[in-house]
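Readers should treat all values here as calculations from the given coordinates under stated rules, not as data from a laboratory. Just so you know, these numbers come straight off a predicted model, no measurement behind them. Counting neighbours? That spans all protein chains shown, and the Cβs are built from the backbone with ideal geometry, glycine included.
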Amino acid sequence: MLVNMTERVNVQDAKTRLSELLARVERGEEIIVARGGTPVAKLSPVGEPPLRELGFVPGGPVRVAFFEDLPDDELTAWDGK
């Protein structure tokens, strides 16, 4: 039988052993950090963030041209000069 053994450490212990705890998290473990025995945070591995669709552009992905520099005349219009 497999059991999820998540370790619980108090804040002072976590501060003292942070590098060790982070190395364990990098190997896939989860660590619960507690204050006075009460869980307050969880250290867990960070995966790649999921790709998100831009919500302000209807119809799909933004074209590469969107990120190109604006022409000088348009920049001047935005600056109000």
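Extending 7 Å from the Cα toward the beta-carbon at both SER19 and ALA77 defines two label points whose distance is 5.7 nm. When each of the peptides 21-29, 70-78, 39-47 is scored by the mean number of other C-beta atoms lying within 10 Å of its residues, the order from highest to lowest reads 21-29, 39-47, 70-78. Sorted fewest first by neighbouring Cβ atoms within 10 angstrom, GLU30, GLU20 come out as GLU20, GLU30. Excluding ALA41 itself, what net charge comes from residues whose Cβ is under 12 Å from its Cβ, given Lys and Arg +1 and Asp and Glu -1? Net of charged neighbours comes to +2.
If the segment from PHE66 to ARG27 were pulled out straight at 0.36 nm per residue, it would be longer than the present Cα-Cα gap by 10.1 nm.
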